[in-house]
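The values are calculated or read from the model by the stated rules, or taken from the named source; none is laboratory data. None of the values given here were measured: they were computed from a predicted structure. Because the Cβ atoms are built from the backbone with ideal geometry, glycine has one as well, and the counts that use them run over all protein chains shown. Keep in mind that these areas ignore ligands, DNA and RNA; they rest on the heavy atoms of the full protein, side chains included. Shrake-Rupley method; radii C 1.70, N 1.55, O 1.52, S 1.80 Å.
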Amino acid sequence: MKNDIKVLIFDWGDTVMKDFQEFTGPMAEWPHVETVPGIEETLQTLHNEYIICLATNAGASGASLVRKALARAHINHYFTEIFTSKELGYHKPQVEFFESILHKLNLSARECVMIGNDYVKDIVVAKEVGLKTIYLSEDEGIGEYEYADSVIHSMDELEKKIAKL
């Protein structure tokens, strides 16, 4: 590890697992679950070097239901901690959401990277709190994302971008 990063914090919906809008209720109970392309290979590589956590606003799921959904996709074992708005009592983009995660991890913001696909909810406030940030953008063009330390368009790019932080 070349930098001081210890923890990678992933958003859940459309960053780790596809968020199918046609389904309602907890993802663990959906008729079909699916990971985002490249996430399993990326997690497999990164979990040996970093603590991997998940942070979600999923209102229908607490940590145990999130774990069940991750297990259905065979990726639960990569995640050391699951942080949900339901259990934290705060939602992204509230500053307290990220501050409470840092408190629970007993780490400083500079030791953590937030990776997410929602620029406002995942990236802007995380950066304001002091976390390093990587924005997973669906836009293949070059955008202006001043709060993102890095921008990726697929999970295949993540490992190299983390190394450059």
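General remarks:
- Cβ pairs under 6 Å, 6+ apart, first in segment 130-152 and over 21 Å from residue 111 (Cβ atoms), second in a strand (DSSP E or B) and open to solvent by 30 Å² or more (accessible area, probe 1.4 Å): 137/151; 145/151
To keep it simple, each residue is scored yes or no on (1) in a helix (DSSP H, G or I); (2) at pLDDT below 95; (3) among the aliphatic types (A, V, I, L, M).
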site: 60; (1), (2), (3): no, yes, yes
site: 70; (1), (2), (3): yes, no, yes
site: 96; (1), (2), (3): yes, no, no
site: 107; (1), (2), (3): no, no, yes
site: 113; (1), (2), (3): no, no, yes
site: 121; (1), (2), (3): yes, no, no
site: 127; (1), (2), (3): yes, no, no
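Residue by residue, here is whether (1) surrounded by 15 or more Cβ atoms within 10 Å (Cβ to Cβ); (2) hydrophobic (A, V, I, L, M, F, W, C) holds:
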{"residue": "123", "(1), (2)": "yes, yes"}
{"residue": "126", "(1), (2)": "yes, yes"}
{"residue": "143", "(1), (2)": "no, no"}
{"residue": "146", "(1), (2)": "no, no"}
{"residue": "149", "(1), (2)": "yes, no"}
{"residue": "153", "(1), (2)": "no, no"}
{"residue": "156", "(1), (2)": "no, no"}
{"residue": "161", "(1), (2)": "yes, no"}
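- Here residue 19 clears all of (1) in contact with a Gly (Cβ under 9 Å, 6 or more places away or on another chain); (2) open to solvent by 20 Å² or more (accessible area, probe 1.4 Å); (3) farther than 17 Å from residue 155 by Cβ except the condition numbered (3).
- Close pairs from segment 46-60: first in contact (Cβ under 8 Å) with a residue 60 or more places away in the chain, partner small (Gly, Ala, Ser), Cβ under 7 Å, at least 6 apart: 57/85
- Within segment 1-20, residues that are free of Cβ contacts under 8 Å to residues at least 40 places away in the same chain sit with their Cβ atoms under 6 Å from residues that are open to solvent by 30 Å² or more (accessible area, probe 1.4 Å) and among the acidic types (Asp, Glu), at 6+ positions apart or across chains, in these pairs: 18/34.
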